[in-house]
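Only one structure is covered here, and it is reproduced in the block below.
Coordinate-derived values only; no laboratory data. Since this is a predicted model, take the numbers as computed values, not measurements. FYI the Cβ positions are ideal-geometry reconstructions off the backbone, even for glycines, and counts take in every protein chain you see.
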Amino acid sequence: MADYSIELSFNNRAVVFQIPVLPEEIEIEGEGDGEEHNVAGLGWINAIDAPKLKEITFSGVFPADMSDAIPSKGFDAPADYIRRIEDWMNKKKPIRFIYISQGLKINIPVSIEEFNYKEVGGAPGDFEYTLSLKEYVFYSAKKVTIAKTSAASPGKKKQAAATKPKRPDERAKPKTVKVKSGDSLWTIAKANLGDGSRYKELMKLNNITEAQAKKLKVGTVIKLPG
């Protein structure tokens, strides 16, 4: 290839041609994809992400007279180039774009986004065109398999047992009363059990001695029989 050339090819160069008349300019856009975020304590920051896909646009002419044009085998007239580009668009497959200029080389797969052409009035047989390409990234969908556990498997039974909610404690909690000023075990038994003579049950239940029963401390918690 020359120091400056543009080549388009399809299916691993099964079909290939060079642009016959090199355009005066070629526009290649490649933007970054940073996002701005307002972070407390820092203010606005720019989170850098992968760059967007390159977009390539150029205009030129397919000449009727190919004597001064860059030749490609099998491409002898403007119709050959036009039919081939339209065929590639209809196939909905990426092509390869190779651009060389002053030591710079871009070699990427692209999709044909737009192709417009018209015959030049002052030069019958010449066709002016505009070609827009976009970088293409090969990809394939990945199959995701979700593992299922058999209903009868021990693992599932164990998991069910682990996630089974605990049975609430329905046992009745023992009732208690606090000793107030002037209280005795007899008065407590009378008021809460309906029979003052049951004070001995309170002594036994609370491990209270005769001496302690005579001098109950205010605030002492006394358990009552269930």
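What is the gain in length, in nm to one decimal, between residue 205 and residue 29 on full extension, counting 0.36 nm per residue of separation less the C-alpha to C-alpha distance?
Full extension from residue 205 to residue 29 adds 54.3 nm.
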The simple spin-label model distance between residue 187 and residue 87, using points 7 Å out along Cα→Cβ, in nm, is 11.4
